[in-house]
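Data block below; observations after.
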Amino acid sequence: MALKEDSYVVLNDGHKMPVVGFGTYAPEKYPKSLAEGATKVAIEVGYRHIDCAFIYGNEREVGRAIKEKIEEGTVKREDLFYTGKLWSTFHSPSMVRPALERSLKDLQLDYMDLFIIHSPVEFKPGDDLFPKNENGHFIYNNTDIRDTWKALEECKAAGLVKSIGVSNFNRRQLELILNMPGLKYKPVCNQVECHIYLNQSKLLAFCKSQDIALVAYSVLGSSRDENWVDQNSPVLVEDPVLNTIAKKHNRSPAQVAMRYLLQRGVIVLAKSFTPDRIKQNFQVFDFQLSDEDVKTLDSLNTNSRYVETPMWKDHPKYPFHDEY
């Protein structure tokens with residue numbers, strides 16, 4: 001597979017998504033200002049796909065970085081692919097467009113390239129983004145996801161976003177949208193956790209059959225700074241098999257972990273706030289894993305998640321009860 005720094009996937013609506021994106025999420029303890037500096041570095045290094053979300057709380061910072069790089073001539077707006085996400089308290093159809101417009105204002109952008117439903121799990125609308133009752137239980141909502149999707153279609157028709165998709169959906173939840181009456185636009189992508197321990201082979205095959213791109217987050221595992229991540233879970237980049245293959249290619253374990261997904265047709269999101277690491281994570285285009293390497297890495301799959309969100313398991317739309 002010939003992959004280059006400007007390689008992209010043509011989405012099912014004709015728009016182009018660069019195959020490597022820069023993720024901007026950071027745990028709460030880190031200052032939001034880090035996202036601004038890191039996004040600038042990412043654009044300077046060559047990333048043209050920036051992934052953010054309302055719930056990250058750093059859209060203003062990421063937007064400032066994008067604006068500065070456009071104004072100084074480093075990049076043109078049309079060369080960038082920006083992904084935003086609809087948070088789980090905004091699924092009610094009347095709230096979808098205002099949520100998108102609020103994010104656009106904070107980002108100082110006229111449009112998003114991609115706007116996706118962040119999760120099928122939905123919370124009660126209101127000022128609290130994780131609403132709980134007096135007993136400390138989450139307060140859920142249950143809008144028909146197809147109505148949310150119709151509102152997204154209207155945002156696309158209005159030119160506020162070029163493409164629309166979903167995140168953290170299982171096959172059954174994807175089919176609910178794909179089979180809905182009067183569907184105007186299929187989801188262009190499903191953004192999910194995907195890495196050597198959770199290679200998503202079945203979901204990937206289904207998405208390919210429907211011309212839906214699979215976009216991977218947590219490709220290098222997940223930060224131990226999150227209390228919902230199992231502190232006993234393995235450190236992905238320390239995996240001995242991964243490291244053996246990395247040494248063979250004279251590459252970092254992170255580069256090999258990313259290249260593995262790319263060669264399987266998965267779009268990868270890499271995140272870091274360290275300039276050298278940001279640069280290194282983009283250097284995945286000038287080497288190739290053999291079929292044997294890929295098969296060996298396939299064998300590491302244990303269907304293990306880092307981002308399991310067990311606190312939401314009782315929600316009727318919790319996506320991870322299904323096999324895929």
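The values are calculated or read from the model by the stated rules, or taken from the named source; none is laboratory data. Computed from a predicted structure; not experimentally measured. When we count neighbours, we look across all protein chains shown, and the Cβ atoms used for this are built from the backbone with ideal geometry, even at glycine. Keep in mind that these areas ignore ligands, DNA and RNA; they rest on the heavy atoms of the full protein, side chains included. Shrake-Rupley method; radii C 1.70, N 1.55, O 1.52, S 1.80 Å.
Scanning region 94-138 for residues being within 25 Å of V192 (Cα to Cα) and among the polar types (S, T, N, Q) gives a total of 2. Residues that are closer than 24 Å to D128 by Cα and touching a residue at least 24 places away in the same chain (Cβ under 8 Å) number at least 2 in the following strands (runs of 3 or more DSSP E) confined to region 1-87: 81-86. Might you check whether a residue that is closer than 26 Å to S163 by Cα and at pLDDT 95 or above occurs anywhere in region 219-241? Checked region 219-241: at least one residue is closer than 26 Å to S163 by Cα and at pLDDT 95 or above. Scan region 266-273 and give yes if some residue there is modelled with pLDDT of 95 or more, surrounded by fewer than 20 Cβ atoms within 10 Å (Cβ to Cβ) and not in a strand (DSSP E or B), otherwise no. There is no residue in region 266-273 that is modelled with pLDDT of 95 or more, surrounded by fewer than 20 Cβ atoms within 10 Å (Cβ to Cβ) and not in a strand (DSSP E or B). In region 192-215, the condition of being under 15 Å from the mean Cα position of the chain (by Cα) and among the acidic types (D, E) is met by at least one residue. Inspection of region 66-89 finds no residue satisfying the criterion of being over 25 Å from Y47 (Cα atoms), aliphatic (A, V, I, L, M) and crowded, with 22+ Cβ neighbours inside 10 Å. Please give the number of the condition L300 fails out of (1) among the hydrophobic types (A, V, I, L, M, F, W, C); (2) closer than 13 Å to V20 by Cα; (3) in a loop (DSSP other than H, G, I, E, B). Every condition holds for L300 apart from (2).
Taking first residues from region 271-299 that are touching a residue at least 40 places away in the same chain (Cβ under 8 Å) and within 14 Å of R251 (Cα to Cα) and partners that are buried (at least 16 other Cβ atoms within 10 Å of the Cβ) and among the acidic types (D, E), the Cβ contacts under 8 Å between residues at least 6 apart in sequence or on separate chains come to F282/E5; F285/E5. Within region 288-324, which residues are open to solvent by 60 Å² or more (accessible area, probe 1.4 Å) and either in contact with a His (Cβ under 7 Å, 6 or more places away or on another chain) or among the small types (G, A, S) (or both)? Once the filter is applied, which keeps residues that are open to solvent by 60 Å² or more (accessible area, probe 1.4 Å) and either in contact with a His (Cβ under 7 Å, 6 or more places away or on another chain) or among the small types (G, A, S) (or both), region 288-324 yields only S299.
For region 94-109, the tally of residues that are open to solvent by 60 Å² or more (accessible area, probe 1.4 Å) and either among the aliphatic types (A, V, I, L, M) or not in a loop (DSSP other than H, G, I, E, B) (or both) stands at 6. Quick check, is F123 free of Cβ contacts under 8 Å to residues at least 40 places away in the same chain, out of contact with any helix residue (DSSP H, G or I) (no Cβ under 8 Å at 6 or more places or on another chain) and buried (at least 20 other Cβ atoms within 10 Å of the Cβ)? So F123 fits the description; yes.
Take V284 and decide whether it is open to solvent by less than 20 Å² (accessible area, probe 1.4 Å) and in contact with a Leu (Cβ under 6 Å, 6 or more places away or on another chain). The answer is no for V284.
The residue that is farthest from G265 (Cα to Cα), counting only those in region 1-50 that are touching an Asp or Glu at 6+ places or on another chain (Cβ under 7 Å) and among the small types (G, A, S), is S33.
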